[in-house]
Amino acid sequence: MQEPLPVDAALPALASARYEALAAALARVGLQGARAISVLRYNPGKRCTLAVASDTDRYIVKLFADAATVLAVSTVHKVLAGAGLASGRGPTVPRLVGLDTDAALIVTEMYAAAPATELVERGDADRAGRLAAQWLQAAIKPGVALGDPYDPPHVLEDVQRYVRTIGSAAGELRARAGAVRDQLAENMPPPGYTDLRHGGFYLSHVFDLVDGPGVIDWDTFRQGPVEVDAGMLCAAARWEMYQPEYERATQRAIAVFLEEVDDLVDPARLRWYRTAALLKFASHRARRGAADLAASLISDAEKVISGT
């Protein structure tokens, strides 16, 4: 394997600086001689995502801390394939190349396509919004009982944690975040129809495959109403595309997305889940010392929950 890669005793594939487990696992799934191109994302002790090349093809390799996660994520891919959502033509999830429980990794194809964030950056916000909506329309009701429940009571548990983080990292924002939390607690919607949801439905996870969207990164899957993903998409777009030069295009992408999914979502439930997701990203920004960006996201949450 090409270095440098992290060494992480909690991840079986990266437990040794020689990466024997990683190389052996890739060989077992048919990627003999594969080399790592780059570390795309690394969460120490939890997961690591690599871009890997073998011959003329490129793949995504996700490394986890345990085999149970690998089996769960592979089950999601297989179930979506059974629902016709893994054909390789959009709307689709990436093709599952293989998995290895000993090394706790899963391999999928790597899209040679632009993510929706790139579309926004180059001025094609309408297409970014429509691609995200196309996935939601296709995956509205696959009838799959997978994932932990993410109904309003479970969301509020997360919201409490977000508010604590904001208060600890940016004390001046504690009261505002707490007020939004209180509004969420006072206006909990009924659960609605629940099904398999992505759970981390960001613009950066939606790729333009020309004939439709390809949606990656399913290790945050959960069970909930469609508003879980719709609200997350709207909130995450503000978190991912926070640069001032993309403000107008980001808002346009969100608007187009909401227009396209208008008949799929309950407006009140969407506002509720979107507000909760905005607090999540505000806590991320606060924890990283970006109190000004956290404040902007809390302002968005205040507006969304009040319907303004």
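The values are calculated or read from the model by the stated rules, or taken from the named source; none is laboratory data. These numbers come from a predicted model, not from an experiment. Cβ atoms come from the backbone with ideal geometry, glycine included; neighbour counts cover every protein chain shown. For the accessible areas, the whole protein counts, side chains as well, though only heavy atoms, and no ligand, DNA or RNA atoms are used. Shrake-Rupley method; radii C 1.70, N 1.55, O 1.52, S 1.80 Å.
Couple of notes before you dig in:
- Residues (within 19 Å of the chain's Cα centre (by Cα) and closer than 25 Å to Val7 by Cβ) located in the stretch 97-123: Leu105, Ile106, Val107, Thr108, Met110
- Residue within the stretch 15-24 that is part of a loop (DSSP other than H, G, I, E, B), out of contact with any Ser or Thr (no Cβ under 8 Å at 6 or more places or on another chain) and open to solvent by less than 30 Å² (accessible area, probe 1.4 Å) present: yes
- Condition broken by Gln251, with the remaining ones in (1) touching a His at 6+ places or on another chain (Cβ under 9 Å); (2) open to solvent by 10 Å² or more (accessible area, probe 1.4 Å) satisfied: (1)
- Of residues in the stretch 157-202 being farther than 30 Å from Ile216 by Cβ and acidic (Asp, Glu), the one surrounded by the fewest Cβ atoms within 10 Å (Cβ to Cβ): Glu186
- Single residue of the stretch 48-67 satisfying the filter (not in a strand (DSSP E or B) and not charged (D, E, K, R)) that is modelled with the lowest pLDDT: Thr56
- Some residue of the stretch 292-305 being over 19 Å from the mean Cα position of the chain (by Cα), at pLDDT 95 or above, surrounded by fewer than 23 Cβ atoms within 10 Å (Cβ to Cβ) and not in a helix (DSSP H, G or I): no
- The set of residues from the stretch 25-37 being among the small types (Gly, Ala, Ser) and open to solvent by 40 Å² or more (accessible area, probe 1.4 Å) comprises Gly30, Gly33.
- Subset of the stretch 203-215 (residues that are crowded, with 21+ Cβ neighbours inside 10 Å and either among the aliphatic types (A, V, I, L, M) or under 8 Å from the mean Cα position of the chain (by Cα) (or both)): Leu203, His205, Val206, Val215
Results for (1) among the charged types (D, E, K, R); (2) more than 27 Å from Ala145 (Cβ to Cβ), shown as yes or no for each residue.
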| position | (1), (2) |
| --- | --- |
| Gly212 | no, no |
| Gly224 | no, no |
| Gly231 | no, no |
| Ala236 | no, no |
| Met241 | no, yes |
| Arg252 | yes, yes |
| Leu270 | no, no |
| Ala276 | no, no |
| Lys280 | yes, no |
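- Segments classed as strands (runs of 3 or more DSSP E), wholly inside the stretch 160-241, with at least 1 members that are among the acidic types (Asp, Glu) and in contact with a strand residue (DSSP E or B) (Cβ under 8 Å, 6 or more places away or on another chain): 195-197, 206-208
- Selection status of Asp126, farther than 30 Å from Ser16 by Cβ, over 20 Å from the mean Cα position of the chain (by Cα) and touching a residue at least 12 places away in the same chain (Cβ under 8 Å): yes
- Some residue of the stretch 252-266 being touching a strand residue (DSSP E or B) at 6+ places or on another chain (Cβ under 9 Å) and part of a helix (DSSP H, G or I): no
- Flag for Phe221 being aromatic (Phe, Trp, Tyr), within 30 Å of Leu105 (Cα to Cα), open to solvent by 30 Å² or more (accessible area, probe 1.4 Å) and touching a residue at least 40 places away in the same chain (Cβ under 8 Å): yes
- Selection within the stretch 149-159 - more than 19 Å from Pro267 (Cα to Cα) and not in a helix (DSSP H, G or I): Pro149
- Scoring Ala179 on the criteria (1) within 19 Å of the chain's Cα centre (by Cα); (2) at pLDDT 95 or above; (3) farther than 25 Å from Cys48 by Cα leaves a single failure, condition (1).
- Among the numbered conditions (1) crowded, with 21+ Cβ neighbours inside 10 Å; (2) aliphatic (A, V, I, L, M); (3) in contact (Cβ under 8 Å) with a residue 60 or more places away in the chain; (4) touching a Ser or Thr at 6+ places or on another chain (Cβ under 8 Å), the only one that Leu63 does not meet is (3).
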